[in-house]
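These notes are about the structure you will find just below.
The values are calculated or read from the model by the stated rules, or taken from the named source; none is laboratory data. Note that the coordinates shown come from a computational prediction; the quantities given were computed from them, not determined experimentally. Please note: Cβ atoms are built from the backbone with ideal geometry, for glycine as well, and neighbour counts cover all protein chains shown.
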């Protein structure tokens, strides 16, 4: 992998690193991170505002959960389709186009008079997620020297927990002060600022290894890719089937005020940042153990929430465990896909993004049916059981391959 990275880093084609300032390269990494931060925050912003938006349009919590289902579903389709369709277009241009679309989606949600227009905006968000993630997640090796690629990748992926620790609580806080529509306006303004930064610091990025659908199909012939897919589906299904409805749980079961929900989500997100960097440092050496431990912690937290989450202290403690665990999930999943496909990093990112986002959609949809038909506590229990299945899958894999997965 190191030799491949070095080759692509100094590959002739317009963005040869020795001719660029290292500072500019790192600013470009930060710009990609902020772009993903904007995307992640926009995607999961409705979690903190779910009950407010539902009340605004007089719809149920489960129906409001479609705001989480739509982006994931569209992102799963957009990841391969958009990446393949734009394979010959400069990646810098595509990143900027996606930021324009994201800003427009946020502003549309902010002024939507009917709920169906909010869902249209979420469709646009899904397209942006699929395209930007698939391109941006694999760009570190083109922006910084080979010896800094690992750190740059960790910086890019830190956008995921940062979206929880800063984005969602901040959006919820703005929603408390000025209404949920203002939260989407703020996200639109932030996205526009990221667009300006991308235009200033991002170098031209002509495509190098064109991603084709045949490459994606071939990837599925690998046992390591299929196992990464299985683990990702189980743990993401468990997480988003439950976390999408954590606000109704905290309000109805833990009996906290809307203002206090913001604090709880802030604590969860802070734990997620810790989990991201812990997971990033451990997953390279222990991919199976790191991913399995994260799923086990999610299982424990969600299974115990209906019992201990009746008390504020218990809910906070379990949210910390949950946050640390989920913080390690995206980087663990991406690492599995990259190790399974070291010669096609963008294609690996497409597979990661499509599977991750499709399962977000499925989890939010399934959780919505359960929460409308039963209760938030039932959602937590079922999600915990799903995460436990992922732990079993890791254990079985270890028993069959004691030396580790065939890519590690």
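Within this structure, residue 87 passes the test of being part of a loop (DSSP other than H, G, I, E, B) and on the phi < 0 side of the Ramachandran plot.
Remark: residue 186 matches the filter, which requires a residue to be in a helix (DSSP H, G or I), free of Cβ contacts under 8 Å to residues at least 24 places away in the same chain and under 30 Å from residue 54 (Cα atoms). Listed conditions (1) within 18 Å of the chain's Cα centre (by Cα); (2) buried (at least 22 other Cβ atoms within 10 Å of the Cβ); (3) over 22 Å from residue 201 (Cα atoms) are all met by residue 32, apart from (3).
For residue 131, state whether it is without any contact (Cβ under 8 Å) to a residue 60 or more places away in the chain and buried (at least 20 other Cβ atoms within 10 Å of the Cβ). Here the answer is yes, as residue 131 does meet what is asked. Of all the residues in region 78-112, those that are closer than 13 Å to residue 133 by Cβ and either at pLDDT below 90 or touching a strand residue (DSSP E or B) at 6+ places or on another chain (Cβ under 6 Å) (or both) number 6.
Give the residue, chosen from 101, 93, 66, 162, that is under 19 Å from the mean Cα position of the chain (by Cα), more than 28 Å from residue 371 (Cβ to Cβ) and surrounded by fewer than 24 Cβ atoms within 10 Å (Cβ to Cβ).
On the way: 93 fails: under 19 Å from the mean Cα position of the chain (by Cα); 66 fails: more than 28 Å from residue 371 (Cβ to Cβ); 162 fails: more than 28 Å from residue 371 (Cβ to Cβ).
None of the other options fit; the residue is 101.
Only a single criterion out of (1) surrounded by fewer than 21 Cβ atoms within 10 Å (Cβ to Cβ); (2) in contact with a helix residue (DSSP H, G or I) (Cβ under 6 Å, 6 or more places away or on another chain); (3) modelled with pLDDT under 80; (4) outside any helix (DSSP H, G or I) is not satisfied by residue 221, namely (2).
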